[in-house]
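Structure record follows, encoded as structure tokens.
The values are calculated or read from the model by the stated rules, or taken from the named source; none is laboratory data. Keep in mind that this is a model prediction, so the values were computed, not measured. So basically every Cβ, Gly included, is an ideal-geometry build from the backbone, and we count neighbours across all protein chains shown.
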Amino acid sequence: MALIYEKKDGIAYLTFNRPEARNALDPQTILDLISAWDDYREDKDMRCAILTGTGDKVFCAGADLGLLIPLMTGARKPETEADRLVVEDPRAAAKAMLRDADLFKPIIAAINGHAIAGGMEILYATDIRIAAEGAKFGVQEVKWSLFPAMGSSIKLPLQIPYARAMELLLTGELMDAEEALQLGFVNRVVPKGQVVEEAERIARIIADNGPIAVTAIKRSAVENFGKPVPEGLASEMRLAAPVFASEDAKEGPRAFKEKRKPQFKGE
């Protein structure tokens, strides 16, 4: 199974599961990611997602240079049903990698090891990032005369300082977890073996919050990033209005007054 997708107690777990290939993305993984993200988006019981990888060395090494990239460049002809489906949908990789940020439920990255190339790029769409000690980050496509087309040239300079982003993009060299923390690319660094545990701790806090409010807040942050302030504030108010009109918005203050845990229904 290229990607393990599980759901438990309101949390969706997506785990890259090709340890023999450094959890690299092959055509089947791309299709599995699309399916998992679609299910997470539509399942009202799922309040938060955790994205991680099998093992303690590599989170994801990016696109499989022997299977996926040759298929995309035309150097390899489709051999399997997964190959054919990926070739027929030119946006398959973008959907799998959430390149266009159309998923507004929260995603936590439990980065268990190195996040390279596509493994780094999928992190741009995550909201909270927990990294294991020793993990390294980078986009190395330029070393193979490839373009990091899942958003790196646009999103990386927005998420870390421009000069450092350009150094990573143009040299293909890596930064370690401590630097990623200092630059604000990850939220915290924890010992190996504790990344999922820490991600779950945060996910449970988010899952207990009002889901309508959580989704609207993320949507506002994503859609209004970089807009002129007046335009962004107007959009924020449009997104906030349905939240205040929801049943959950009545339940929250009522639970506070009654000194009990809110029972949010996403309505």
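Restricting region 161-185 to residues that are assigned to a loop (DSSP other than H, G, I, E, B) and in contact with a strand residue (DSSP E or B) (Cβ under 9 Å, 6 or more places away or on another chain) leaves a set whose member that is farthest from M72 (Cα to Cα) is L183. Scanning region 52-70 for residues that are closer than 18 Å to I34 by Cβ and in a loop (DSSP other than H, G, I, E, B) yields a total of 3. For the subset of region 160-191 comprising residues that are over 18 Å from K143 (Cβ atoms) and without any contact (Cβ under 8 Å) to a residue 12 or more places away in the chain, which member is farthest from the chain's Cα centre (by Cα)? Among them, the one singled out is A163. For the criterion of being under 20 Å from the mean Cα position of the chain (by Cα) and of a type in the set (A, V, I, L, M, F, W, C), M97 passes.
Looking at E231, is it in contact (Cβ under 8 Å) with a residue 24 or more places away in the chain and acidic (D, E)? No, not satisfied. Among the numbered conditions (1) of a type in the set (F, W, Y); (2) in the same structural domain as K8 (by TED's automatic domain parsing); (3) farther than 30 Å from M175 by Cα, the only one that F185 does not meet is (3).
Based on this model, can you work out whether G62 counts as on the phi > 0 side of the Ramachandran plot, assigned by TED's automatic domain parsing to the domain that holds G119 and crowded, with 22+ Cβ neighbours inside 10 Å? Judged against the criteria, G62 is a match.
Taken over region 1-38, the residue count meeting the criterion of being within 14 Å of P106 (Cα to Cα), free of Cβ contacts under 8 Å to residues at least 60 places away in the same chain and not small (G, A, S) is 3. Would you say L146 is at negative phi and buried (at least 19 other Cβ atoms within 10 Å of the Cβ)? So L146 fails the test.
Residues that are closer than 18 Å to I116 by Cα, assigned to a loop (DSSP other than H, G, I, E, B) and not small (G, A, S) within region 1-51 comprise N17, R18, R22, N23, D26, listed in sequence order. Helices (runs of 4 or more DSSP H) fully within region 194-244 that include at least 3 residues being among the polar types (S, T, N, Q) and surrounded by 14 or more Cβ atoms within 10 Å (Cβ to Cβ): 211-224.
Just one of the listed residues (I130, I154) is part of a strand (DSSP E or B) and at negative phi, namely I130.
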